[in-house]
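The next block holds one structure in the form of structure tokens; read it before the comments.
The values are calculated or read from the model by the stated rules, or taken from the named source; none is laboratory data. Because the structure is predicted, anything quoted here is derived from the model rather than measured. Glycine also receives a Cβ, built like all others from the backbone with ideal geometry; neighbour counts cover every protein chain displayed. We work out accessible area using only protein heavy atoms, side chains counted, and drop any ligands, DNA or RNA first. Shrake-Rupley method; radii C 1.70, N 1.55, O 1.52, S 1.80 Å.
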Amino acid sequence: MYLFELMSGSILLALIFHDAFEVMLLSRRVRRKLRFITLLFRYTWNLWSWIAERMALGIRRDMFLSLYGPLSLVILLGSWVVGLIAGFALVQHSLSFGAKPVSFGANFLLSGDTFFTLGTASLTSMSKMRRSVPMFEAGTGLGFLAIVIGYLPVLYQLFSRRETHVIMLDGRAGSPPNATTLLSRHGHRESTHALDELLREWERWSAEVVESHLSYPMLSYYRSQHDNQSWLAALTVIMDSCALVMVGIKDLSTFQARMTFSSSRLAVIELSRVLAVKPQAIAEARLTLSDYAQMKAELNYSGMLIVDDEGAEDRLMEFRSTYEPFLIGLSEYLLLTLPNWLPSPQLLDNWQNSPRGRSAKRLVDAVPSKPA
């Protein structure tokens, strides 16, 4: 019995140390499918999203979903702490043979006291072997606390860097964002060079998302500050815009669109793999035939003339088939809404939707692109 407890406690400690090392310290992607963090997020998110799906659409549901990201981190850290305390308690209990019998509950309390370095328990009556366990556990508790203190700022810094680009899309692509608005606003004022700069920034953003979200998968569950924005919607708009540029827009270079599309598609594929999300069928409702005609008319009006009118729609569908199924899968899994290709009528951008926002919009729209 004592040997079984010793082996069980040692295995539990080894598994938790290994999992914490992979999550907090290891920068490479872990390809092993059976991981504690993966199982924890999968089952807790399935329960959380099941409850959310039965709530009415609105602010309460969005607020409920936004709680899961930070709460999942608390659950993960709490699970590690409880597991470490239980593992050390099993080891401590297994070494109590030959001495006065001590219950596992008493050893669990002793382990918790030692892990949090409270110092309320006395170790004088223990053997030297048993006293060595609390010494190691106290060091583990201090080290774990130090790693967590250093871990949280890094996590929220990565989240902030991701969301900065999402918020910056408000003035360029609208709220919620869409590809037609993004391209039109860069065509109306002869600002196609700014479009290249924007796509270059999002090429880097996609690479950073791959690096950060593979190492810290809980970031995928963190939601944006505004309910009409999300990192997935922003990524969708960028890929939609790249697809339109690659279909062919008169006098517009396709190089940066090709590079950003490649980087963005890599991000979509890798995130689908790490979250174990399967691609879904393309939703035709995102871009119907009438929507395509309206989108083409708005782009032409802004100076973004689509070339090769006869085969453009088919080529666009070919591009969409390479990335949109994965986006739909992520959208259904994370309960995030994918944006339409066309802007929603009578909706103001977030920066306009405030006191005197309409006046600000009118003044900004009246500014010439190149004052004489």
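Note on exposure: MET304, MET7 ranked by accessible area (1.4 Å probe, complete protein assembly) read MET7, MET304, with the most exposed listed first.
Charge tally for ILE51 (other residues, Cβ to Cβ under 15 Å; Lys, Arg +1; Asp, Glu -1): +1.
When the alpha carbon coordinates of the chain are projected onto the principal axes, the ranges are 90, 43, 39 Å, largest first. For segment 211-260, the gyration tensor built on C-alpha atoms gives an oblate shape. Its axis ratio a/c (a ≥ b ≥ c) is at least 1.5, and a/b is not larger than b/c.
Based on Cα atoms of segment 145-300, Rg over Rh with Rh as the Kirkwood radius reads 1.00. When LEU73, LEU152 are compared by accessible area at a 1.4 angstrom probe, the order from most to least is LEU152, LEU73. Which one, ARG320, ARG54, ARG28, has the greatest fluctuation when you compute a Gaussian network model over the chain with C-alpha springs under 10 angstrom? Evaluated over the chain, the most mobile residue of the options is ARG54. Semi-axis lengths, largest first, of the ellipsoid equivalent to segment 1-108 are 36, 18, 11 Å, with √(5λ) applied to each eigenvalue of the Cα gyration tensor. Counting only protein heavy atoms and a probe of 1.4 Å, the accessible surface of the chain is 62% carbon and sulfur. Projecting the Cα positions of SER272, PHE108, PRO371 onto the charge dipole of the chain (unit charges on Cβ atoms of Lys, Arg, Asp and Glu, taken about the Cα centre) puts PHE108 furthest along the positive direction.
Under the rule a/c < 1.5 gives rounded, and otherwise a/b versus b/c splits prolate from oblate, where does segment 188-238 land using the Cα gyration tensor? Mind showing how you got there, number by number?
On the way: a/c = 4.01, a/b = 1.65, b/c = 2.43.
Oblate, because a/c is 1.5 or more while a/b does not exceed b/c.
With the chain treated as a Gaussian network of Cα nodes joined by springs under 10 Å, which of LEU235, LEU336, LEU12 yields the largest mean-square fluctuation? It is LEU12. Translational diffusion coefficient, Stokes-Einstein: compute it for segment 252-347 using the Kirkwood radius over C-alpha pairs as Rh, at 10 °C and 1.306 mPa s, and state it as an integer in µm² s⁻¹. Stokes-Einstein gives a translational diffusion coefficient of 105 µm²/s. The alpha carbon convex hull volume per residue for segment 231-297 rounds to 98 Å³. Comparing GLN346, GLN225, GLN280 in a Gaussian network model of the chain, where Cα atoms under 10 Å apart are tied by springs, the biggest mean-square fluctuation is seen for GLN346.
Scalar couplings 3J(HN,Hα) for segment 191-198, obtained by applying the Karplus form with A = 6.51, B = -1.76, C = 1.60 to θ = phi - 60°, are 10, 5, 5, 5, 5, 4, 5, 5 Hz; x denotes Gly and Pro. Could you tell me how many degrees, from 0 to 90 and to the nearest 10, lie between the Cα long axis of helix 128-168 and the main elongation axis, the longest principal axis, of the Cα atoms of the chain? Its long axis makes an angle of about 10 degrees. Each residue was assigned an accessible area with a 1.4 Å probe, and for ILE167 the value is about 80 Å².
For the set PHE326, PHE261, the ranking by accessible area, highest first and with no ligand, DNA or RNA atoms included, is PHE326, PHE261 under a 1.4 Å probe.
Probing with 1.4 Å while keeping every protein chain in the model, the per residue accessible area of segment 107-237 equals 45 Å². Summarising the amide proton neighbourhood of ILE249: residues at separation of 5 or more, or on other chains, whose placed amide H is nearer than 5 Å comprise VAL307.
The mean accessible area for residues of segment 260-299, using a 1.4 Å probe and ignoring ligands and nucleic acids, is 49 Å² per residue.
Distances between placed amide hydrogens fall under 5 Å for ASN350 paired with SER175, all partners being 5 or more residues away or on another chain. Multiplying the residue separation of ALA297 and ALA106 by 0.36 nm and removing their Cα-Cα distance gives an extension gain of 61.3 nm. Only helices enter this figure: runs of n ≥ 4 DSSP H residues, each worth -39500 (n - 2.57), summed and divided by the residues of the chain, yield -22500 deg cm²/dmol at 222 nm to the nearest 500.
Just want to confirm a number: the relative contact order over the chain, from Cα pairs under 8 angstrom separated by 6+ residues, in percent. Relative contact order comes out at 18 percent.
Quick check for you: with a 1.4 Å probe and neighbouring chains kept, what is the accessible area per residue of segment 1-106, in Å²?
The answer is 60 Å² per residue.
Distance between the C-alpha centers of segment 24-84 and segment 200-224? Whole Å please. So the two Cα centres are separated by 17 Å. Cα axis of helix 309-320 to longest principal axis of the chain: angle in degrees, 0 to 90, nearest 10? That works out to roughly 0 degrees. Computed from phi, the 3J(HN,Hα) profile of segment 224-237 under the Karplus parametrisation 6.51, -1.76, 1.60 (θ = phi - 60°) reads 6, 5, 9, 5, 8, 10, 7, 5, 6, 5, 5, 5, 4, 4 Hz, with x in place of Gly and Pro.
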